[in-house]
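To start, the structure itself, in structure tokens.
Read-outs throughout are calculated quantities, based only on the coordinates presented, and are distinct from any laboratory measurement. What you see is a predicted model, and the numbers here were worked out from it, not measured in a lab. Reconstructed Cβ throughout: ideal geometry from the backbone, glycine too, with neighbour counts over all protein chains shown.
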Amino acid sequence: MIERSGSMRITDDPHSLRAWTRNQKAKGYTVALVPTMGYLHGGHLSLLRVAKARADKVIASVFVNPTQFGAGEDLDAYPRDIHGDLEKLRTAGCDLVFAPDSSTVYQAGFDFSVLPGNLSKSLCGEMRPGHFAGVATVVTILLRMSLTDILVLGEKDFQQLQIIRRLVRDLWLDVTVLSAPTVRDKDGVAMSSRNSYLSDKERSWAAKIPIALDRVAAQFASGDTHGPNLRRTAVGTLEEAPIDIEYVSFVDAQDLMPVTTITRDAVCAIAARVGKTRLIDNRVLHA
Ligand code: AMP
């Protein structure tokens, strides 16, 4: 049930995955999981590096999770390249790749869901109903299948990170959550599998998003803590390109509730459509 590819193992079978982890733990090794939807880029590989630095063995999962896509979203179009992904993971020193089918993750008659509460009410949770229930459910399943000690997530998906941290705390999932900073391309755009949808022109428009975040951070650093002022700067920057703003929000970094005056750590979060591509990015503002 487990294939070998050089020193890397590959499986689509949760029983083999569990047996492998149990075996590693029996040898005294710690095991980390890096969950991904594939079409890997430098952001994913940075998570692999964090995982390798903190655990003896690293599992990457590659699974485009249908339950986190809403009706009319890009589930079918989502980019996939399992052969390229396996090559990148092998080069990155991944020990085991778990690439299950949807019918394995969601067995016939699957009848449960993990529902986040208030943390999923703002930002992307408001725009994509059901999205974070899909994320929380699949992460719970992947953690139970893989039995890992450590889970590594990216700060690029800030709301997702906070929801999973709370999920792990509230449901007593026995795992340590680590996060890694957002990796950007030379033009400042946060790496994302969805960037592959962008034309050259759209890509140059997308670069307004990190510029907006830079300007907000600079204005905040110079002493302006008033959310609406900072928001005007971000919106003004995004409007320099034909971008459809979905939201530009300032929220508390812990509870993700909107803030007006920033007196505690907050996040400037942006979601915008560039052409048909929906992009998100954020910047933490340390008070
Ligand atoms: P995805 O494949 O987009 O579901 O992302 C899988 C993991 O990679 C998530 O924990 C993301 O937050 C993380 N990730 C995605 N893009 C980046 C990036 N540019 N920098 C760092 N982490 C990222």
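In the range 110-127, is there at least one residue being outside any helix (DSSP H, G or I), among the aromatic types (Phe, Trp, Tyr), more than 17 Å from the chain's Cα centre (by Cα) and exposed (fewer than 14 other Cβ atoms within 10 Å of the Cβ)? Yes, some residue in the range 110-127 is outside any helix (DSSP H, G or I), among the aromatic types (Phe, Trp, Tyr), more than 17 Å from the chain's Cα centre (by Cα) and exposed (fewer than 14 other Cβ atoms within 10 Å of the Cβ). GLY84 meets each of the listed conditions (1) small (Gly, Ala, Ser); (2) over 16 Å from the mean Cα position of the chain (by Cα); (3) in a loop (DSSP other than H, G, I, E, B) apart from (3).
Note on the range 149-205: among residues that are of a type in the set (Lys, Arg) and closer than 19 Å to LEU256 by Cα, the one that is farthest from the ligand (Cβ to nearest atom) is ARG169. I need the full set of residues from the range 31-44 which are surrounded by fewer than 19 Cβ atoms within 10 Å (Cβ to Cβ) and either farther than 16 Å from TYR78 by Cα or more than 10 Å from the ligand (Cβ to nearest atom) (or both), in order please. GLY42, the sole residue that qualifies. When you look at LEU238, is it away from the ligand (no atom under 16 Å from the Cβ) and touching a Lys or Arg at 6+ places or on another chain (Cβ under 7 Å), yes or no? For LEU238, the condition - away from the ligand (no atom under 16 Å from the Cβ) and touching a Lys or Arg at 6+ places or on another chain (Cβ under 7 Å) - is met.
For PHE132, the test of being under 30 Å from ALA272 (Cα atoms), among the aromatic types (Phe, Trp, Tyr) and surrounded by 14 or more Cβ atoms within 10 Å (Cβ to Cβ) is passed. Just checking, how many residues over the range 45-60 are more than 18 Å from GLN24 (Cβ to Cβ) and either away from the ligand (no atom under 15 Å from the Cβ) or among the charged types (D, E, K, R) (or both)? Within the range 45-60, residues that are more than 18 Å from GLN24 (Cβ to Cβ) and either away from the ligand (no atom under 15 Å from the Cβ) or among the charged types (D, E, K, R) (or both) number 1.
Quick check on my filter: what residues within the range 59-73 are in contact (Cβ under 8 Å) with a residue 24 or more places away in the chain and either in a loop (DSSP other than H, G, I, E, B) or surrounded by fewer than 18 Cβ atoms within 10 Å (Cβ to Cβ) (or both)?
Of everything in the range 59-73, those that are in contact (Cβ under 8 Å) with a residue 24 or more places away in the chain and either in a loop (DSSP other than H, G, I, E, B) or surrounded by fewer than 18 Cβ atoms within 10 Å (Cβ to Cβ) (or both) turn out to be PHE63, VAL64, ASN65, PRO66, PHE69, GLY70, GLU73.
Let's see how each residue does on (1) closer than 27 Å to SER196 by Cα; (2) out of contact with any Phe, Trp or Tyr (no Cβ under 9 Å at 6 or more places or on another chain):
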site: GLY28; (1), (2): no, yes
site: GLY38; (1), (2): yes, no
site: SER46; (1), (2): yes, yes
site: ALA51; (1), (2): yes, yes
site: ALA60; (1), (2): yes, no
site: VAL64; (1), (2): yes, no
site: PHE69; (1), (2): yes, no
site: GLY72; (1), (2): yes, yes
